[in-house]
Number of protein chains: 2
Amino acid sequence: MGIFSKTCEYAIRSVFFIAHRTAGQSGRVGIKEIALGIDSPEPFLAKILQDLSRRGIVQSTKGPNGGFYLDSASLERPLSDIVAAVDGNDIFYGCGLGLKQCSEINPCPLHNEFKDIRNKIHLMLHETKIGEFNAELMNGMLSLKK
Amino acid sequence: MGIFSKTCEYAIRSVFFIAHRTAGQSGRVGIKEIALGIDSPEPFLAKILQDLSRRGIVQSTKGPNGGFYLDSASLERPLSDIVAAVDGNDIFYGCGLGLKQCSEINPCPLHNEFKDIRNKIHLMLHETKIGEFNAELMNGMLSLKK
DNA sequence: ATAATAAAAGACTAAAATGTCTTTTATTAT
DNA sequence: ATAATAAAAGACATTTTAGTCTTTTATTAT
């Protein structure tokens, strides 16, 4: 079990992939190519992208030459938007020991330690933009598969 | 979904509970009281503690006046031992985007960012000892339930 | 020795996450 | 208009995680 659900991992990787594959030339990229490019099961990824599309995080068009893409606003969005959409806000705000009532006035033993870590995760994901790695992804310096 | 599995959350909370409930007087505490004290399903917790017992992270004796306890060595162990035993090492070393081959020479886009966060989690859990919160747990300053 | 106690072990069930398949709808090129 | 394309939608199937129940084994007090 990682920090994120499998669904969320695929979501982030696919959005990175769509970003670098369609940036600039305003092209589209199909589900098959995305699934190959990030090494994910195609039908499962399809469901994930349908959801991201409904939520406006990625854009899509049907039919010939159709596929997924990102408009310029989407390229500027922070990764935290994807994580919040797919996995919810628990990773940013939830108690590390799973206590519903954990808070400043009713803290678990690790309350402050986890607050610190959660804040760092939140900050990192908020500062990182979807389109940020396009150059490195295009020249192969960064990997999205295996 | 939190940072840890539900199993691991219960494991950590129960070990904290056993620690503060049995420290000093070398007493024992039964599964029923532990489950109540950390607000967890009793039979599920029983399985978890059986596992921790097999691994030597907690101690136990059967029969009347039996129950779970922690010897002085166990009280000094870091929380990271519990997490590694229950959830494995992925949280300390795994790729944030789920890539098996992700590494310094084949990094995912968030490789360095995640390395930083994972190290902080590891350090925090390694520095925190099981018996560390006994005083605050005994006087009710810290909570393990709800 | 026996009865009572409490954890260990193992089989079982339920729910959630992950993954697959088929049909429908929208778009485009002819 | 029609055929081809590609995503959307929704019904399934599988696996993993979470949780339950019953029987066995070890310990202790009588």
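Determine, from the Cβ-Cβ distance of B:LYS6 and A:LEU36 and an R0 of 22 Å, the FRET efficiency 1/(1 + (r/R0)^6), rounded to the nearest 0.05.
FRET efficiency, B:LYS6 to A:LEU36: 0.05.
Compute, for chain B, the length of the dipole vector about the Cα centre, with Cβ point charges of +1 (Lys, Arg) and -1 (Asp, Glu) only. Units Debye, rounded to 20.
Numbers: 17 positive and 16 negative charges, 88 e Å.
The calculated dipole for chain B is roughly 420 debye.
Compute a Gaussian network model of chain A, connecting alpha carbons closer than 10 Å, and tell me which residue from A:HIS122, A:HIS111, A:HIS20 fluctuates the most.
It is A:HIS111.
Probe 1.4 Å, all protein chains in place: accessible area of A:THR61 in Å², nearest 10?
Rounded to the nearest 10, that gives 50 Å².
How many lysine pairs are close in chain B, with Cα atoms under 16 Å apart and the two 8 or more places apart or on different chains?
Qualifying lysine pairs in chain B: 9.
So what's the angle, to the nearest 10 degrees on a 0 to 90 scale, between helix B:6-22 and the longest Cα principal axis of chain B?
Result, in degrees: 40.
May I ask for the Rg/Rh ratio of region B:6-138, computed from Cα atoms with Rh as the Kirkwood radius, given to two decimals?
Ratio value, two decimals: 1.07.
Please pull out the direction-averaged projected area of region B:89-146, using the convex hull of its alpha-carbon atoms, in nm² to one decimal place.
Averaging across all directions leaves 5.7 nm² for the Cα convex hull.
Stokes-Einstein diffusion coefficient for the protein assembly as shown at 4 °C in a medium of 1.567 mPa s, Rh from the Kirkwood formula over Cα pairs: what value in µm²/s? Intermediate results must be reported in sequence, preceding the final value.
Values: Rh = 20.9 Å.
My calculation gives 62 µm²/s for D.
Using helices alone, what [θ] at 222 nm do you get for chain A, with -39,500 (n - 2.57) per DSSP H run of 4 or more residues, divided over all residues and rounded to the nearest 500?
Value at 222 nm, helices only: -15500 deg cm²/dmol.
Roughly speaking, what is the stretch gain from B:ALA73 to B:ARG54, that is 0.36 nm per residue apart minus the C-alpha to C-alpha distance, in nm to one decimal?
5.3 nm
The values are calculated or read from the model by the stated rules, or taken from the named source; none is laboratory data. Quick caveat, the model's predicted, so the values are computed rather than measured. Positions of Cβ are backbone-derived with ideal geometry, glycine not excepted, and every protein chain shown enters the neighbour counts. Areas reflect the complete protein model, heavy atoms only, side chains present, ligands, DNA and RNA absent. Shrake-Rupley method; radii C 1.70, N 1.55, O 1.52, S 1.80 Å.
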